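A quick write-up on the structure given underneath.
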Amino acid sequence: MPLTSRSRYDRCRQAGYRAAALGGLCALVLAACTEVTPQAETQQPDPILTSDTRQPIPLSPAAGKEHRAVMLQHLETVQVIVHALADEDYELARGMTESHLGFFMHRQAMARQEPENFPPPYHDLAMAHHQAAEELAAVMPTKDLKQILPKFDNLLKACVACHLEYKVKAGS
């Protein structure tokens, strides 16, 4: 096989691996955002029609706006991390995870908000999220998706656990 054909073959194969990795990451994100429950014999209530049981966090309008901005930044960061992993840019993925989701970000966010208004269990969930981010960042240098994806899954589980439990009080 000529060198150019072999190079083209390798590039196509690598593109296929990237596409498979991106597809796997998308499936992980979807799975983390979807609640899977076994089918029971009785009719289950429609979760869309049931009342919202999340606990409100009473924040001032300014702190509520800041909190929403931090949550949006977290979501955008997760998207950048997924894209970086699909491009096999593990250094970017690690850097974004550490600087935007790790403990550094927690300290920055709490300095700009009203930490006294967040209940202690919220802080516990936030710390679990930041710890999961630190653990994810720690395995990025391995460039091994079999090590990275379970840590990424743990990060998403921490996000989902908090969002299922808490909401910012309406009007803040």
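The values are calculated or read from the model by the stated rules, or taken from the named source; none is laboratory data. What you see is a predicted model; the values in this text were computed from it and never measured. Every residue, glycine as well, gets a Cβ built from its backbone with ideal geometry; the counts of neighbours run over all protein chains shown.
Among Ala137, Ala126, which is the only one that is under 17 Å from Lys167 (Cβ atoms), surrounded by 13 or more Cβ atoms within 10 Å (Cβ to Cβ) and either modelled with pLDDT of 90 or more or within 16 Å of the chain's Cα centre (by Cα) (or both)?
Ala126
Give me a count of the residues in region 149-172 that are part of a helix (DSSP H, G or I) and either under 13 Å from the mean Cα position of the chain (by Cα) or of a type in the set (Ser, Thr, Tyr) (or both).
Step one: of region 149-172, the residues part of a helix (DSSP H, G or I) are 149-165.
If we keep only those that are either under 13 Å from the mean Cα position of the chain (by Cα) or of a type in the set (Ser, Thr, Tyr) (or both) as well, we get 149-163.
The total comes to 15.
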Discussion item. Within 23 Å of Val168 (Cβ to Cβ) and either at pLDDT 90 or above or buried (at least 16 other Cβ atoms within 10 Å of the Cβ) (or both): which single residue out of Leu49, Leu85, Leu101 fits that description?
Written reply: Leu101
Worksheet item: If you check every pair at least six apart or on different chains, which have Cβ atoms under 7 Å apart with a residue in region 77-102 that is more than 16 Å from Leu156 (Cα to Cα) first and a residue that is not in a helix (DSSP H, G or I) second?
Response: Tyr90/Lys143
Worksheet entry | Residue check for Val29: at pLDDT below 70 and part of a helix (DSSP H, G or I) | yes
Fill in: Qualifying residues in region 104-117 (those that are in contact with a helix residue (DSSP H, G or I) (Cβ under 8 Å, 6 or more places away or on another chain) and surrounded by 14 or more Cβ atoms within 10 Å (Cβ to Cβ)) - the one modelled with the highest pLDDT
Asn117
